[in-house]
Amino acid sequence: MDAYSISYTTPSRRNSSRIYQDLATCRLSSRTYSDERIKRLIMDSSKKHRTYDASRNTRIGVVGAGIAGLRCADILLQHGFSVTILEARDRLGGRTHQATLPLGNVVDLGPNWIHGTEHNPILDLAKETKTPTHSWEESVNIFGEDGTTLQEAKSLSDAMWGVIVQAFKYSSQNTVTIDPEESLHDFFVKKVADMFAGDADAIHKRDIIMQMAELWGAFVGSPVTTQSLKFFWLEECIDGENLFCAGTYKRILDAIARPAVEKAEIKLSTRVDRINATTGTVKLSTNDGQELEFDEVVMTNPLGWLKNNKRAFQPPLPARFSQAIDAIGYGSLEKVYITFPKAFWLKDGADSADQFTGFLQWLAPSYSNKNPQKWNQECVDLATLPGSCAHPTLLYYIYGDQSAALAAELAKLSEKEKLEHLTGFFMPYYSLLPSYNENSSECIPTSCLATSWVLDELAGNGSYSTFRTGLQEGDKDIEIMREGLVGRSLWFAGEHTAPFVALGTVTGAYWSGEAVGKRIADAYGMTARVRSESVSSQGSNPDPAKEVNVRGFADKPLEN
C-alpha cells in the first residue's frame, strides 16, 4: 500500500475490532483462529514433535532476504538456531531496494512510505537510524479532465475520502452478506448518486468524485472496479498518518539486516527451485546444483512468486492451501522518477503554504494523445522534502494495466529511448504546473527512472497483495497461508501473511517474519525474546470522541 492513511477503528473500540484482535494474536507465539475450520482445512498441519538438542544446532533455512526473511533470521539467531539465508538476488532487501539518480540522490524503487505512526516498529527504526520522514499533510492539487485546476479540489477530495470511510464501515459490518462480486466502485456509484442528486452542478461533482475514486488504485495496485467490497475492511491500516520515507529505506534495511549479516550464513545469487518436504526434514534444491537440508524452512517469497511456482513444492501443496494462494490478488504498482534541473513549479522564497506542492493529480486527461485510455495520473513533489533529501523530482505512481503496459514498452527501448518515451508520456501533465515554459531548459527533464516490478519474476511479477472481487474467504485465506504447513516443517512469512492491519506493508512483512521466528522458537520449547513493545499497549489512551481517522497526523515528521 502507498500514499494514503486509512484507519477508522478508534482506540476505544479496538478490544472488539477484529483487525486489532488479529494483530494481538499474530504477535503471540500461540495461535488462535477466526474459524475452527482453519485448523481442519490445513490437512497436514498436524502437530510434529520437536525437541531442542543442545548438542547440535537446529538448522533453519530462510528462503528470501527481504524484510520478512531478515527479521525472522534475527529472531531465530537470538534463540541460538543455526540460520542459512538463501537469496536469489545478488543483494539483500528483496522489494526494498534503492537506486541513485544522476544528480546523486538516492531513491526507493520499492516501498517508500511508513504506514501508520501508532506503535509501528518501522517508524521506531526510522527514528533510531535518523532516517528523515516527511508529510505533505492534506496538500492536494487536482487537474480536471480538460487540464484546468479544480477550485473545489479540497472539498471534493474530502467527500471522496468520506465515502471510503463509509465503505470501510459497511464492509466491516456486513462482510458476511455482501456479494463477493460487489466492488468498491459499485459502492461509490450508489453513495455518490445519493450525495449529488439534482442539477447539472451536482452531476458534474458526482462525475469528478467518480474519477477521483479511481485513484484508489494507486493504494492497492489494482483498479477500484476490482477492489472487493466484501473484504474491503482488510485494507485498513495502522492508525496515524502515512509518512514518506524521505531518507529512503536504506538505513532501516541495514538495521534490520545487521544481525543476519553478522551471524547468519547468507548465500546470495542462490535461487531455490525445489522444496522437498517428504522425509521429515526439508531439502532445498538450488539453481547452481546445491542440495541443502534443514530441520525447518521459512518461505518468505512474494505471494506472486508462490502463485507462479507452486509446482516447486514436493509433495504438492494441500488443495486448500493452494486455493488460498490463488484467491488473494497481487497488485502492480510502479514508480517513475522525473528529475529536472530545477523545481520550476516552486516559487523562490515563498512559504511552504503558498507553494504548489503535495499530491498532484490529473483526472481522466483527455488532452494527451499518448494516453487514449485516459488513465489518471498522480505524483508527489520531492523538491519539498526536508533538508538534503530534497531534489527537483516528481515521483509518479502508476498501477494496474497502465503499469504493465508502460513496463512492457520500456523493456524494448535503450536508455536514451526510455528518457524520450517517458518525457513524451508525462509532459502533458507536468507542463500544466506553474511556471512551465517549453523553451526553458529548467523545464526539460534531465533523467527519468521507472521501476518494472511487474516484469520481475523474483518479485512475483507485481508489488503486493490485494483483495479483488470474487473473493469468497479472504480473511481465512490469509490465516491459512500465515499458519503454514507446520507438519511439513514449512513456514511462510511476508506481507501476504501479516496481521490484517498491516497487509501489503513493510511493517506487515517485518511483523510476519518476527511471528514465525517466535513460533519456531516456541515449537522447540524456547522462550521467545523480541525487541518490540507489547501489543497490549495498542489499547491505551482511548479517545471516545474520535470517530474516524483517514489522514491522521499522529507524529511530527522526522527531520535532518
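The values are calculated or read from the model by the stated rules, or taken from the named source; none is laboratory data. In this text, all values refer to a predicted model and were calculated from it rather than measured experimentally. Cβ atoms come from the backbone with ideal geometry, glycine included; neighbour counts cover every protein chain shown. For the accessible areas, the whole protein counts, side chains as well, though only heavy atoms, and no ligand, DNA or RNA atoms are used. Shrake-Rupley method; radii C 1.70, N 1.55, O 1.52, S 1.80 Å.
When you scan the stretch 426-436, do you find a residue that is farther than 27 Å from PRO316 by Cα, without any contact (Cβ under 8 Å) to a residue 24 or more places away in the chain and either under 28 Å from the mean Cα position of the chain (by Cα) or open to solvent by 30 Å² or more (accessible area, probe 1.4 Å) (or both), even just one? The answer is yes, given that some residue of the stretch 426-436 is farther than 27 Å from PRO316 by Cα, without any contact (Cβ under 8 Å) to a residue 24 or more places away in the chain and either under 28 Å from the mean Cα position of the chain (by Cα) or open to solvent by 30 Å² or more (accessible area, probe 1.4 Å) (or both). Does ALA73 meet the test of being modelled with pLDDT of 95 or more, in a helix (DSSP H, G or I), closer than 23 Å to ARG519 by Cα and of a type in the set (A, V, I, L, M)? Here the answer is yes, as ALA73 does meet what is asked. Among the residues making up the stretch 396-443, those that are closer than 30 Å to SER465 by Cα and among the basic types (Lys, Arg) are LYS412, LYS418. Inspect the stretch 526-540 for any residue being modelled with pLDDT of 50 or more and open to solvent by 10 Å² or more (accessible area, probe 1.4 Å) and give the result as yes or no. Yes, the stretch 526-540 contains a residue that is modelled with pLDDT of 50 or more and open to solvent by 10 Å² or more (accessible area, probe 1.4 Å). As for the stretch 268-283, it holds no residue that is modelled with pLDDT of 95 or more, open to solvent by 70 Å² or more (accessible area, probe 1.4 Å) and acidic (Asp, Glu). Only one entry of GLY400, GLY474, GLY462, GLY470 meets the criterion of being out of contact with any Phe, Trp or Tyr (no Cβ under 9 Å at 6 or more places or on another chain) and small (Gly, Ala, Ser), and that entry is GLY470.
With respect to the conditions (1) outside any loop (DSSP other than H, G, I, E, B); (2) open to solvent by 40 Å² or more (accessible area, probe 1.4 Å); (3) not small (Gly, Ala, Ser), ARG91 falls short on a single one, namely (1). For the stretch 200-283, the helices (runs of 4 or more DSSP H) that sit wholly inside it and include 2 or more residues that are within 30 Å of LEU76 (Cβ to Cβ) are 250-263. Among residues of the stretch 66-80 being under 14 Å from GLU262 (Cα atoms) and of a type in the set (A, V, I, L, M, F, W, C), the one that is most open to solvent (accessible area, probe 1.4 Å) is LEU77.
For the stretch 284-310, the set of residues classified as assigned to a loop (DSSP other than H, G, I, E, B) and over 30 Å from the mean Cα position of the chain (by Cα) consists of ASP288, GLY289, GLN290, ASP295, listed by residue number.
Could you check the stretch 455-485 and list, in sequence order, the residues that are out of contact with any strand residue (DSSP E or B) (no Cβ under 9 Å at 6 or more places or on another chain), among the hydrophobic types (A, V, I, L, M, F, W, C) and surrounded by fewer than 24 Cβ atoms within 10 Å (Cβ to Cβ)? Once the filter is applied, which keeps residues that are out of contact with any strand residue (DSSP E or B) (no Cβ under 9 Å at 6 or more places or on another chain), among the hydrophobic types (A, V, I, L, M, F, W, C) and surrounded by fewer than 24 Cβ atoms within 10 Å (Cβ to Cβ), the stretch 455-485 yields LEU455, LEU458.
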